[in-house]
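Presented below is the structure to which this report refers.
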Amino acid sequence: MIGALIEKDFKLYFRNRFFLVVTLLGLVAFVALYYLMPSKPDDTIATAIVLPENATSEMKAFLSDAMDSNLLASKEELLEAVENGDYQAGTVLDEAALAAIDQGKAVTITVYSAPGTTPEFKQALISLYTAGFNNIDLDTGQTKIKINDKIIVLGPDLLGIGEPVALRDRMLPLLLMMMFSIELMGLANLISEELTQGTARALLVTPLRTGQFFAAKMLLGMGLAFIETLLITIAVGKITVAPVILIGALLVGSLLVTGVAFFIAAFAGGFMSVLSWSVLFLFILILPGIGVIFPTIASNWIKTIPSFFLVDALHRALNYGAGWGDVRMDLLILFGSGLLFLLLGGWVLRRRF
Amino acid sequence: MTATTISVHNLTYRFGKLTAVDHINFEVGEGEVLGFLGPNGAGKTTTVRMLTGQLKPTEGNVAILGEDIHQSAKKVQQYLGVSFETANLYEEMNAVENLNLFARLFKIRNFKAMDLLEKVGLSGREKEKVAAYSKGMKQRLMLARALINQPRILFLDEPTDGLDPVSSQTIHAIIRQASEDGTTVFLTTHDMVKADKLSHHVAFINKGKIAALDQPSELKQHYGKRLLKVEIEDDSGRKHTHSLPLDEKDSAEKVREAFASGRVLTAHTEEATLEDIFIEITGRGLLG
């Protein structure tokens with residue numbers, strides 16, 4: 001009986017053109033997006049500098065090299081370029097500042113940064129300029145102090161401070177969450193239709209038991225979510241990185257989205273209602289994935305979102321070589337959350353039959 | 001005496017403070033068609049839901065084929081066929097796919113969907129999506145679905161509501177055939193004329209209570225008033241129609257007077273309809 005229902009639901013899922021297109025599009029687009037993103041971490045900061053006319057050509061060459069800055073002709077040109085985003089930061093050294101540096105006096109320099117610069121990045125720029133200028137001996141052109149730039153991060157380096165992770169790899173957990181969310185929407189719609197069209201009632205006056213009805217939906221939902229996300233990890237070549245953990249995490253993640261789909265279907269009535277609820281949950285569920293891409297924007301409350309534990313497990317396992325011991329607790333919490341949603345949704349759905 | 005297939009005792013259902021079904025009692029025998037009649041909101045569908053194991057009664061009990069439906073719902077449901085009031089088919093699938101799915105749920109081997117579709121007059125349209133079907137076609141497909149397991153009891157909730165005469169006739173013929181084959185038919189409707197034609201017994205349900213339960217002919221005899229309708233032309237050429245009750249003390253005198261008042265154009269007796277009786281018993285119409 002469960003097999004017959006799964007077969008029927010599979011047909012219906014893919015006969016819904018909206019979900020067919022969105023699923024296929026999701027599979028192709030997410031893989032394409034992954035490959036379109038840089039494959040290597042971009043840890044360079046583009047800066048510009050303006051020096052006074054009287055600076056010697058050696059000095060100009062040296063300063064621009066030391067700061068890894070492009071030399072621009074005027075302050076106006078620099079301000080415009082920085083404001084346009086051509087450079088992330090820039091500074092202007094006038095004759096007085098250059099003389100002061102030459103004499104070893106303290107100098108205050110102004111750093112112009114591009115619009116939208118985060119406080120963390122501003123701090124990084126200050127450190128960069130301070131270190132850069134303080135280590136330059138303008139007479140000899142030699143570095144006064146050799147700074148060891150090796151950074152040791154204590155605990156898991158999820159911000160990518162020590163070993164930056166390529167953007168595409170930071171993005172992968174988010175892409176997987178988005179694929180999960182598409183599946184969530186499709187399954188919630190499938191269950192909701194059984195209620196709104198009354199077909200669930202027709203099924204349940206046959207020897208089919210309510211538990212079998214739910215089991216069929218759960219197996220289909222988990223199966224589709226798991227296979228679709230697994231396909232993405234295969235297509236991007238990540239399946240070999242930590243295959244067992246990856247499969248485990250995707251399975252438990254499939255349980256979570258199936259549970260959320262039950263929950264949505266329990267409260268939604270009709271396609272538009274499912275869509276609205278699903279979009280709301282989608283935004284919540286993908287937040288931890290966005291937090292991986294932009295680590296500094298993520299606050300601690302993000303850990304209250306169940307998908308955080310999936311994203312965290314995937315990010316650690318795929319990008320930092322975490323083992324079972326590291327992700328075990330994540331997967332356990334994820335499993336518990338999935339089960340909770342599933343039971344709660346199932347309970348409400350049962351009352352709606 | 002045929003074997004009892006449905007036995008209902010003190011069946012009650014309450015939605016909060018509202019009593020939808022109020023201590024009803026009845027029995028239905030094998031091969032019998034029971035017309036369960038009442039206006040919208042009288043408690044018909046709630047009763048069907050309790051009889052088919054979809055709803056647990058607040059009070060009372062239901063024995064279907066000798067088993068308590070709520071203790072052995074899944075065992076009993078193997079022998080039930082249910083056609084719902086509103087079309088609840090898988091609209092994105094075709095008729096054969098719909099029937100095959102339910103045949104698998106009933107674990108029927110070598111099921112031939114086409115035989116059933118032919119029976120309900122849907123052969124030739126079997127590959128079309130149900131979404132493209134008319135209301136009558138959907139009703140016929142639902143009936144076919146209810147017949148998949150050759151049920152011992154068939155529950156039909158408004159099976160011909162709003163259908164064209166051809167679809168209605170097809171469904172009536174199937175109901176009669178099922179009854180002749182020994183299937184009990186529980187027919188829920190507010191169409192008294194159809195119920196009169198099809199039912200061995202009718203039950204009037206009003207405000208959750210059974211107001212009357214008997215054979216249609218017995219109800220008519222007990223509650224109905226026979227009338228003589230006479231059309232008479234008077235001396236000035238004007239036509240008058242008289243409805244004369246036949247069961248009153250002075251009926252003979254009134255008939256004599258009417259016949260003497262002019263030239264009799266037409267005269268015929270008129271029997272009370274189930275609807276007349278329903279109104280007489282409950283004081284309300286069926287659409288109210």
Expected single match for modelled with pLDDT of 90 or more, open to solvent by less than 60 Å² (accessible area, probe 1.4 Å) and either assigned by TED's automatic domain parsing to the domain that holds A:A261 or closer than 15 Å to A:L172 by Cβ (or both) among A:L314, A:L318, A:L331 is A:L331
Taking the stretch B:89-114 and the residues there that are open to solvent by 30 Å² or more (accessible area, probe 1.4 Å) and over 24 Å from A:E193 (Cα atoms), the one that is nearest to the other protein chains (Cβ to nearest Cβ) would be B:K107
Residues of the stretch B:138-147 being surrounded by 21 or more Cβ atoms within 10 Å (Cβ to Cβ) and aliphatic (A, V, I, L, M), in sequence order, are B:L141, B:M142, B:L143, B:A144, B:A146
Residue set B:L34, B:L11, B:L55; condition of a type outside the set (D, E) and not in a strand (DSSP E or B); output residue B:L55
Is at least one residue of the stretch B:38-48 within 14 Å of chain A (Cβ to nearest Cβ), charged (D, E, K, R), out of contact with any Lys or Arg (no Cβ under 7 Å at 6 or more places or on another chain) and under 29 Å from B:D196 (Cβ atoms)? no
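Condition check ((1) closer than 12 Å to A:L176 by Cβ; (2) part of a helix (DSSP H, G or I); (3) β-branched (V, I, T)) across all residues:
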residue	(1), (2), (3)
A:I245	no, yes, yes
A:L250	yes, yes, no
A:S254	yes, yes, no
A:V260	no, yes, yes
A:G269	no, no, no
A:V274	no, yes, yes
A:S278	no, yes, no
- Has the stretch A:255-269 got at least one residue that is in the same structural domain as A:L187 (by TED's automatic domain parsing), crowded, with 23+ Cβ neighbours inside 10 Å and among the aromatic types (F, W, Y)? yes
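For (1) within 14 Å of chain B (Cβ to nearest Cβ); (2) under 19 Å from A:P173 (Cβ atoms), each residue gets a yes or a no:
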residue: A:M1; (1), (2): yes, no
residue: A:Y13; (1), (2): yes, no
residue: A:L20; (1), (2): yes, no
residue: A:Y34; (1), (2): no, yes
residue: A:A46; (1), (2): no, no
residue: A:P52; (1), (2): no, no
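Results for (1) closer than 30 Å to A:A317 by Cβ; (2) of a type in the set (A, V, I, L, M), shown as yes or no for each residue.
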| residue | (1), (2) |
| --- | --- |
| A:Q197 | no, no |
| A:L203 | no, yes |
| A:P207 | no, no |
| A:K217 | yes, no |
| A:I227 | yes, yes |
| A:G289 | yes, no |
| A:N300 | yes, no |
For strands (runs of 3 or more DSSP E) lying entirely in the stretch B:183-225, having 1 or more residues that are of a type in the set (S, T, Y) picks out B:184-189
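So that you can scan it fast, the table gives a plain yes or no per residue for (1) outside the structural domain of B:L154 (by TED's automatic domain parsing); (2) small (G, A, S):
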| site | (1), (2) |
| --- | --- |
| B:I205 | no, no |
| B:G208 | no, yes |
| B:S236 | yes, yes |
| B:T241 | yes, no |
| B:L246 | yes, no |
| B:S251 | yes, yes |
| B:R256 | yes, no |
All-but-one check, B:T86 against (1) more than 8 Å from every other protein chain (Cβ to nearest Cβ); (2) open to solvent by 50 Å² or more (accessible area, probe 1.4 Å), failing number (1)
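The values are calculated or read from the model by the stated rules, or taken from the named source; none is laboratory data. The model shown is predicted, which means the values in this text are computed figures rather than measured ones. FYI the Cβ positions are ideal-geometry reconstructions off the backbone, even for glycines, and counts take in every protein chain you see. Quick note on the areas: whole protein, heavy atoms, side chains included, nothing else; ligands and nucleic acids left out. Shrake-Rupley method; radii C 1.70, N 1.55, O 1.52, S 1.80 Å.
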